[in-house]
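Notes follow once the structure below has been shown.
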Amino acid sequence: MESLYQYAWLVPVLPLVGAMIVGIGLISFSKATARLRKPSAAFIITLLSVSMGISLALLWSQIHGHPTYTRAIDWAAAGDFRLSMGYTIDHLSALMMVIVTTVAFLVMIYSDGYMAHDPGYVRFFAYLSLFSASMLGLVISPNLVQIYIFWELVGMCSYLLIGFWYARPAAANACQKAFVTNRVGDFGLLLGMLGLYWATGSFEFQEMGDRLQDLLSSGALTMGVAILFGILVFLGPVAKSAQYPLHVWLPDAMEGPTPISALIHAATMVAAGVFLIARMYPVFEVVPGAMNAIAWTGAFTAFLGATIALTQNDIKKGLAYSTVSQLGYMVMAMGFGAYTAGLFHLMTHAYFKAMLFLGSGSVIHGMEEVVGHNPALAQDMRLMGNLRKYMPLTQLTFFIGTLAICGIPPFAGFWSKDEILGLAFNANPLLWLIGWLTAGMTAFYMFRMYFMTFEGEFRGQNQEIRQRLLAEAGQVAPQLAFGPGAMDVKELEADSHPDAHHHHSETPHESPLTMTLPLLILAVPSLAIGWLGRPWANVFEGFVFAPGETAAAVVAEATHFEWQEFAIMAGSSVGISLLGLTLASLMYWQGKLDSAWFTKRFPALDRLFRNKWYFDEVYEVLFVQGSRRLARQILEVDYRVVDGAVNLTGLAAIVSGEGLKYLENGRAQFYALIIFAAVLGFVIVFSVF
């Protein structure tokens, strides 16, 4: 078994090798490599499956008590400064490796069907493999510097994948927005890293925490400075995990292919922020001010994302704001000390949200057969309805995912969300109240999404709704021209895209097996994995616990279980979820309540939620337009001052040269006269002064 740990570095290296080989082929032999579609995908999937097998074996070894294994080499040394690189395998990294590899493996299988007709099929798999390698490298990093390196690689892969369809202006703008927003958080993370190294002299997680605690105890470092360093480090997770106020990039990132939404924006990359908080927990727990900032940021983000999701009609953007809200739960839990509960929700959410995103991709894939490859139509739930009849497997898995995220027992989300809410009530009742209200809104908007998509009557052929949606999107419906010299019908399709099939049907159909099989597989953990964290026999808590605690102490504490307390807390969370479910059913399925009731009764709040709390508009004025105004002012300074000084210097040289050339006439008497005049001038000046 020890030899397995010695070769654990293969877990991130194998997908990296796959991405490099296919990527070099695309660069050097682009046409030949692009034609090797299935072999390239099979090669990359095979390498990732080997990484998945090693990850599962390492997790099994950790479950059976193998101690933490760290292997490091000196990477840089200068005087007292030493920096090592390597990998560490402990309970947290082993769990994260399994989550990343299993979800990435299923997403790649799904992508074979979803991207089957896309010309960039091979490039897409190369990007997926590179992202998987970067994320796996991040989770096994033994120190903060190595995490930062892979942190940036993950961000680069996110940029490439969000902008995969770079010819579409919306995708190009979305990847730039994601890149710039994440750079803001990453700059704060870099400053926090350097500040902590200045204070503690280490980049090792436990050493930083221990030395920081000693510095605070001795008074060598003030608590204010420690809070500043902690919040700066937290800015990295704020951006990566889409927390307020840097959450604005995630919904726009839905412009990328749907498998990317499932892999990056539901299961792995956005979870990297929560993972970093967990790794930095030895630092954060000794700085209560930073922990409070983390908890309240997560709570507000959970509430914010839920309110916006209430009004979304785009199925992917609805799930995106749901992701923002659920990430807020995880961050809130980490902030008030519920280390295990936050990571437990990370694990359960990774599986059921990946399934929900892949399910939305299956829905979009089916809708494209009816409305064409136009996101304004194919992703809008107002054109869907009764898809249960046409896509039964997609409906079943989406329904399971909806029950899981709403916290309905016995599905996975119930156990993890209930644990967070129960611990939040003990830590701060106001945090519990925010989480409790958010749980009700989650049930409402998720079942609103489910009923609009899979129940009722199919609205895909309703031309009136189509025209209205196209008008809202600023598009014009194509008018087919028949007669001499008419264009080909394909040229008239709106928003033509290389992935479009260009054959249409009156109704959607079920997706191919390569797309439905991953959905069915993900449905299993969405249903069953939550039982690992059942409060009366919490296996997960005995495996993943906060640094500094011992397994025996955690297990002993977990045995103190009170059925009455569990019944009250679980009953309250399930109760409000059932209330949200009932309201959604009455409005969007049975039609007994007016779905526009909230809009009519609270128009100001409705506008606030529909306009996403106006964050995009405020950022446009403050940062985008403000940056442009600043750039114009700098340009004026450059033009008038810098260029003016250079031009003035040239002009002075020309004028002085032109004037002095008349003094150089070659006559000695004239030079003597000039010298005499100069001497006389000096005499007069010195005599006067």
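The values are calculated or read from the model by the stated rules, or taken from the named source; none is laboratory data. Only a predicted model underlies this, so the values are computations on that prediction, with no experimental measurement involved. With ideal geometry, Cβ positions are generated from the backbone for all residues, glycine too; neighbour counts draw on all protein chains shown. Each accessible area value is taken on the protein alone, full model and side chains, heavy atoms only, with ligands, DNA and RNA left out. Shrake-Rupley method; radii C 1.70, N 1.55, O 1.52, S 1.80 Å.
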Study note, to complete from the structure: Around residue 248 (Cβ within 9 Å, Cβ-to-Cβ, excluding residue 248; K/R +1, D/E -1) the net charge comes to 0
Study note, to complete from the structure: With a 31 Å threshold on alpha-carbon distance, the violating pairs from 389/600; 177/353; 389/592; 240/389; 353/612 are 389/600; 240/389
Review point. Placing +1 at every Lys and Arg Cβ and -1 at every Asp and Glu Cβ, with all other atoms neutral, what dipole size does region 4-152 have around its Cα centre, in debye to the nearest 20?
Key: 500
Practice item. Leaving ligands, DNA and RNA out of it, work out the accessible area of residue 214 with a 1.4 Å probe and give it in Å² to the nearest 10. Key: 100
Check your understanding: So how many Å³ per residue does the convex hull of the Cα atoms of the chain work out to?
Key -> 278
Point to revise | Accessible area in the full protein assembly, largest first, 1.4 Å probe, for 602, 105 | key: 602, 105
**Study point:** Computed over region 624-687, Kirkwood Rh from alpha-carbon pairs, angstrom
**Key:** 16.0
Exercise for review: Arrange the residues 608, 356, 246 by how much accessible surface each exposes, largest first, with a 1.4 angstrom probe.
Suggested key: 608, 246, 356
Check your understanding: Ordering 231, 73 from largest to smallest accessible area (1.4 angstrom probe), what's the sequence?
Key -> 73, 231
**Study point:** Helix-derived mean residue ellipticity, 222 nm - over the chain, DSSP H n ≥ 4, -39500 (n - 2.57), to 500
**Key:** -22500 deg cm²/dmol
Review point. From the square roots a ≥ b ≥ c of the eigenvalues of the alpha-carbon gyration tensor of region 391-475, which class results: rounded (a/c under 1.5), prolate (a/b over b/c), or oblate?
Key: oblate
Point to revise | For residue 629, solvent-accessible area (1.4 Å; no DNA, RNA or ligand), Å² | key: 110
Practice item. Taking the Cα centre of the chain as origin, work out the dipole magnitude from +1 charges on Lys and Arg Cβ and -1 charges on Asp and Glu Cβ, in debye rounded to 20. Key: 940
Revision key, fill the gap. Semi-axes in Å, largest first, for region 307-434 (Cα gyration tensor, √(5λ)) are 32, 15, 11
Practice item. With viscosity set to 1.002 mPa s and temperature to 20 °C, compute the Stokes-Einstein D of region 136-244, Rh being the Kirkwood radius across alpha carbon pairs; µm²/s, no decimals. Key: 141
Point to revise | Furthest towards positive pole of dipole, 68, 139, 453, structure part the chain, Cβ charges | key: 453
Study note, to complete from the structure: Taking alpha-carbon centroids only, region 392-408 lies from region 435-462 a number of Å equal to 11
Exercise for review: Take the alpha carbon gyration tensor of region 281-361, find the square roots of its eigenvalues, order them as a ≥ b ≥ c, and report rounded if a/c is under 1.5; if not, report prolate when a/b exceeds b/c, else oblate.
Suggested key: oblate
Review point. What net charge do the residues around residue 454 carry, taking every other residue with its C-beta under 10 Å from that of residue 454, with Lys and Arg at +1 and Asp and Glu at -1?
Key: +1
Revision key, fill the gap. Once the in-chain neighbours fewer than 8 apart are removed, the aspartates and glutamates whose Cα is under 17 Å from residue 417 read 541, 565
Review point. Where Lys and Arg each count +1 and Asp and Glu each count -1, what net charge lies around residue 636 among other residues with Cβ under 14 Å from its Cβ?
Key: +2
Revision key, fill the gap. With every protein chain in place, the accessible area of residue 576 for a 1.4 Å probe, in Å² rounded to the nearest 10, comes to 20
**Study point:** Shape category assigned to region 55-151 from the gyration tensor of Cα positions, a/c cut at 1.5
**Key:** oblate
Revision key, fill the gap. Taking the dipole of the chain about the Cα centre (Lys, Arg +1; Asp, Glu -1; charges at Cβ), the one of 573, 463, 333 that reaches farthest to the positive side is 463
